[in-house]
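Here the structure comes first, spelled out in structure tokens, and everything after it is commentary.
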């Protein structure tokens, strides 16, 4: 793939960025290796600005997917990947942020084990791992490197994975936070540059209105209502997002966690305005683009001069890499602490969690590369994983934090197993038959199955308690 042109100065700037990230990420690594809490959650001392920066960057890694969606469906991108997610982020801030911080656990499986039992925590760990393996983002970083250097996708994916996670092997979560601060600046700088250039070269709103399909101004993007509304329920995955959980438990105070989420929503709103607008310009300027995933890179090729193009690409790289390092670390924590260490069931082995986590980083990197080369669409990865994982974890995690709504551990475990069977079968049917049963997206029967089992379990519990 060699469809873009970069000057030697552009390439030098991008290489300088990669080098800088590695250097920043490895600073202070010796201290983290000797302190498990520091390695896993930065000593639970993350203050407001780093909290906001790491949450904003981590939650917005799918930049090429956003470009793909906004190119195809216009302002529906802001509804599906903006408004719906703001809604659930507000709910998380109000209902869960303080409770997560107060619980003082490391991970979601940790929470499930404490509230219910070991088998529930282990099953939760499987789904937490599946939801954090950054295959979609590894695919994106590989695509970006392929565009810049012209290498094969496989080589680009492997190189991108190394530069995105190499430093956290040593530095842990503190390295994630430190690099996220730098990447936070670049992601806003990149998109803050491309829009003025597009407006100056092609025109403002009148140009967009004259050159975009009418459906691009439709909140549904011309899709059936269910196709857009399914993202509302997939966005509910925010409530079981391991990144949210980790950052809230790592925050310095409960107030930092809650206030930080509200501030982050403001930054997401601003960034969504920029990315959606950029997607509209890409469609208006390049209406016959063969691969919509290339919407932002090709827009940059058409409107940005040298140096500015490099800065824009650094902004996109920052957006992707900030999510890769965080999700890879979360997946590694899940393998190291919530699977290997907990399976050993040996409290004396806890000092080995750091080593297990480093092993998990390597395994996660390998799994991510394999998945990234298998899937063709970023959106497909998000939708499949979100449709299965969200129904399985949503009620178990929510009820773990609110004791009045808890049911027995066996009911929780049973609901997770049956919900997995229902949603998994629904997805397999859709993949093999070309359409879901009755045209219903798999997340709906999954949520219904979980809700019914929890409802029965709660009713039985209260019957025993009060009847």
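The values are calculated or read from the model by the stated rules, or taken from the named source; none is laboratory data. All figures in this text were calculated on a predicted structure; none of them were measured in a lab. Cβ placement follows ideal geometry from the backbone for every residue including glycine, while neighbour counts extend to all protein chains displayed.
For the stretch 383-394, give me the residue count where each residue is without any contact (Cβ under 8 Å) to a residue 60 or more places away in the chain and either touching a strand residue (DSSP E or B) at 6+ places or on another chain (Cβ under 8 Å) or within 15 Å of residue 241 (Cβ to Cβ) (or both).
Residues of the stretch 383-394 that are without any contact (Cβ under 8 Å) to a residue 60 or more places away in the chain, as a first pass: 384, 391.
Then keep just the ones that are either touching a strand residue (DSSP E or B) at 6+ places or on another chain (Cβ under 8 Å) or within 15 Å of residue 241 (Cβ to Cβ) (or both); that gives 391.
Here the count works out to 1.
Let's see how each residue does on (1) out of contact with any strand residue (DSSP E or B) (no Cβ under 7 Å at 6 or more places or on another chain); (2) assigned to a helix (DSSP H, G or I); (3) touching a residue at least 40 places away in the same chain (Cβ under 8 Å):
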| residue | (1), (2), (3) |
| --- | --- |
| 196 | yes, yes, no |
| 221 | yes, no, yes |
| 230 | yes, yes, yes |
| 235 | yes, yes, yes |
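Looking only at residues that are assigned to a helix (DSSP H, G or I) and in contact (Cβ under 8 Å) with a residue 60 or more places away in the chain in the stretch 404-419, which one is nearest to residue 448 (Cα to Cα)?
Per the criteria, the residue is 416.
Check the stretch 436-445 and report whether any residue there is touching a helix residue (DSSP H, G or I) at 6+ places or on another chain (Cβ under 6 Å), crowded, with 18+ Cβ neighbours inside 10 Å and in a helix (DSSP H, G or I).
Yes: the stretch 436-445 contains one or more residues that are touching a helix residue (DSSP H, G or I) at 6+ places or on another chain (Cβ under 6 Å), crowded, with 18+ Cβ neighbours inside 10 Å and in a helix (DSSP H, G or I).
Tell me whether the stretch 280-292 contains one or more residues that are under 22 Å from residue 86 (Cα atoms), crowded, with 18+ Cβ neighbours inside 10 Å and either at pLDDT 95 or above or touching a strand residue (DSSP E or B) at 6+ places or on another chain (Cβ under 8 Å) (or both). Quick ask: steps written out before the conclusion?
Within the stretch 280-292, the subset under 22 Å from residue 86 (Cα atoms) is 280.
Adding the requirement that they be crowded, with 18+ Cβ neighbours inside 10 Å leaves 280.
If we keep only those that are either at pLDDT 95 or above or touching a strand residue (DSSP E or B) at 6+ places or on another chain (Cβ under 8 Å) (or both) too, we end up with 280.
Taking every residue of the stretch 280-292 in turn, at least one turns out to be under 22 Å from residue 86 (Cα atoms), crowded, with 18+ Cβ neighbours inside 10 Å and either at pLDDT 95 or above or touching a strand residue (DSSP E or B) at 6+ places or on another chain (Cβ under 8 Å) (or both).
Of all residues in the stretch 420-435, how many are loosely packed, with under 15 Cβ neighbours inside 10 Å and either assigned to a helix (DSSP H, G or I) or in contact (Cβ under 8 Å) with a residue 60 or more places away in the chain (or both)?
So in the stretch 420-435, the residues loosely packed, with under 15 Cβ neighbours inside 10 Å come out as 421, 425, 428-429, 431-435.
Among the residues that remain, those that are also either assigned to a helix (DSSP H, G or I) or in contact (Cβ under 8 Å) with a residue 60 or more places away in the chain (or both) are: 421, 425, 428-429, 431-433.
Total meeting the criteria: 7.
Please tell me if residue 157 is at pLDDT 95 or above and over 15 Å from the mean Cα position of the chain (by Cα). Don't jump to the end; show me each part of the working.
Working: at pLDDT 95 or above: no; over 15 Å from the mean Cα position of the chain (by Cα): yes.
Against the criterion (at pLDDT 95 or above and over 15 Å from the mean Cα position of the chain (by Cα)), residue 157 does not qualify.
Among the residues of the stretch 287-315, which ones are within 27 Å of the chain's Cα centre (by Cα) and free of Cβ contacts under 8 Å to residues at least 60 places away in the same chain?
Once the filter is applied, which keeps residues that are within 27 Å of the chain's Cα centre (by Cα) and free of Cβ contacts under 8 Å to residues at least 60 places away in the same chain, the stretch 287-315 yields 290, 291.
Could we say that residue 256 is outside any helix (DSSP H, G or I), surrounded by fewer than 24 Cβ atoms within 10 Å (Cβ to Cβ), in contact with a helix residue (DSSP H, G or I) (Cβ under 7 Å, 6 or more places away or on another chain) and in contact (Cβ under 8 Å) with a residue 24 or more places away in the chain here? Quick ask: steps written out before the conclusion?
Numbers: outside any helix (DSSP H, G or I): no; surrounded by fewer than 24 Cβ atoms within 10 Å (Cβ to Cβ): yes; in contact with a helix residue (DSSP H, G or I) (Cβ under 7 Å, 6 or more places away or on another chain): yes; in contact (Cβ under 8 Å) with a residue 24 or more places away in the chain: yes.
No.
List pairs: first in the stretch 31-56 and over 24 Å from residue 238 (Cβ atoms), second modelled with pLDDT of 85 or more and not in a helix (DSSP H, G or I), Cβ under 7 Å, 6+ apart or cross-chain?
Partner pairs satisfying both residue conditions: 45/252.
Hey, can you tell me all the residues within the stretch 100-117 that are surrounded by fewer than 19 Cβ atoms within 10 Å (Cβ to Cβ), touching a helix residue (DSSP H, G or I) at 6+ places or on another chain (Cβ under 7 Å) and either part of a helix (DSSP H, G or I) or without any contact (Cβ under 8 Å) to a residue 40 or more places away in the chain (or both)?
102, 103
Condition (residue is modelled with pLDDT under 90, touching a helix residue (DSSP H, G or I) at 6+ places or on another chain (Cβ under 9 Å) and surrounded by 21 or more Cβ atoms within 10 Å (Cβ to Cβ)) applied to the stretch 390-400: is it met by at least one residue?
Going residue by residue through the stretch 390-400, those that are modelled with pLDDT under 90 are 390.
Subset that is touching a helix residue (DSSP H, G or I) at 6+ places or on another chain (Cβ under 9 Å): 390.
Within this subset, residues satisfying the condition of being surrounded by 21 or more Cβ atoms within 10 Å (Cβ to Cβ) are 390.
Checking the stretch 390-400: at least one residue is modelled with pLDDT under 90, touching a helix residue (DSSP H, G or I) at 6+ places or on another chain (Cβ under 9 Å) and surrounded by 21 or more Cβ atoms within 10 Å (Cβ to Cβ).
Kindly provide the set of residues from the stretch 318-347 that are touching a residue at least 40 places away in the same chain (Cβ under 8 Å) and within 16 Å of residue 119 (Cα to Cα), ordered by number.
Listed by number, the residues that qualify are 334, 335, 337, 338, 339, 342, 343, 345.
Can you find a residue that is over 21 Å from the mean Cα position of the chain (by Cα) and either surrounded by fewer than 24 Cβ atoms within 10 Å (Cβ to Cβ) or modelled with pLDDT of 90 or more (or both) anywhere in the stretch 46-66? Talk me through it step by step, then tell me what you get.
Going residue by residue through the stretch 46-66, those that are over 21 Å from the mean Cα position of the chain (by Cα) are 47.
Restricting the remaining residues to those that are either surrounded by fewer than 24 Cβ atoms within 10 Å (Cβ to Cβ) or modelled with pLDDT of 90 or more (or both) gives 47.
Within the stretch 46-66, one or more residues are over 21 Å from the mean Cα position of the chain (by Cα) and either surrounded by fewer than 24 Cβ atoms within 10 Å (Cβ to Cβ) or modelled with pLDDT of 90 or more (or both).
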